[in-house]
Each structure stands twice: as structure tokens, then as C-alpha cells.
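What follows is one structure encoded as C-alpha cells, with my remarks underneath.
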Amino acid sequence: KPCPLCDEAKEVLEPHKRRFILQEVDITLPENSAWYDKYKYDIPVFHLNGKFLMKHQVDIQKFEDELTRLELQND
């Protein structure tokens with residue numbers, strides 16, 4: 001903290017918040033050192049259902065497409 005890039009990404013995702021659970025990970029904490037080593041230059045990073053989805057900024061079309069695909073798969 002602070003993370004303006006993360007804050008911006010969360011604003012973009014806000015309209016969809018009822019469709020997913022956002023879990024934030026502070027990669028600067030010692031217990032998250034593996035994430036830090038992997039993504040220290042690429043924040044924010046997004047995984048959906050444990051799978052890498054995107055980094056740096058929200059690609060809203062990609063996010064919506066993948067979220068819809070998962071929703072249909074679970075119906």
C-alpha cells in the first residue's frame with residue numbers, strides 16, 4: 001500500500017462484484033514471497049479460479065468473457 005494501479009483495477013471491476021469474490025494478496029508480506037518473486041514488476045495481476053487471467057490492467061472484455069464462460073459451465 002498504496003497501490004494506485006490496484007485501486008484503479010478495483011474500480012473497473014466494481015460493477016461486476018456480485019459475480020465473483022475478490023481476494024487481494026499483499027505480495028510484500030513474507031508469507032507471499034513466492035507471489036512477490038513472480039509478479040513484483042507486473043502488478044496488478046488477476047487470477048480467476050486459480051488460473052492466471054491478466055496483468056497490469058483490467059481487460060474488461062477478457063474478464064467478462066471468462067466470467068460468463070465459468071458461470072455457464074456451473075449452471
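The values are calculated or read from the model by the stated rules, or taken from the named source; none is laboratory data. Everything numeric in this text was worked out from a predicted model, so none of it was measured. For neighbour counting, all protein chains shown are included, and Cβ atoms are generated from backbone atoms with ideal geometry for every residue, glycine included. For the accessible areas, the whole protein counts, side chains as well, though only heavy atoms, and no ligand, DNA or RNA atoms are used. Shrake-Rupley method; radii C 1.70, N 1.55, O 1.52, S 1.80 Å.
Below, the figures for the structure above:
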{"quantity": "Contour excess over end-to-end distance, with Cα ends at LEU72 and TYR39 and 0.36 nm allotted per residue", "calculated": "8.9 nm"}
{"quantity": "The chain: GluC sites (Glu not before Pro) in DSSP loop, at most 16 other beta carbons within 10 Å", "calculated": "GLU24"}
{"quantity": "Heavy atoms of ASP42: accessible area, 1.4 Å probe, square angstrom to 10", "calculated": "30 Å²"}
{"quantity": "Net length gained if the chain between VAL25 and HIS56 were fully extended (0.36 nm per residue, minus Cα distance)", "calculated": "9.7 nm"}
{"quantity": "Global size of the range 4-73 as Cα Rg and Dmax, reported in angstrom", "calculated": "12.5, 37"}
{"quantity": "Carbon/sulfur fraction of accessible area - the chain, other protein chains in place, 1.4 Å, %", "calculated": "52 percent"}
{"quantity": "Derived scalar couplings ³J(HN,Hα) [the range 68-75; Karplus, 6.51 cos²θ - 1.76 cosθ + 1.60; whole Hz; x for Gly, Pro]", "calculated": "5, 4, 5, 4, 5, 5, 8, 7"}
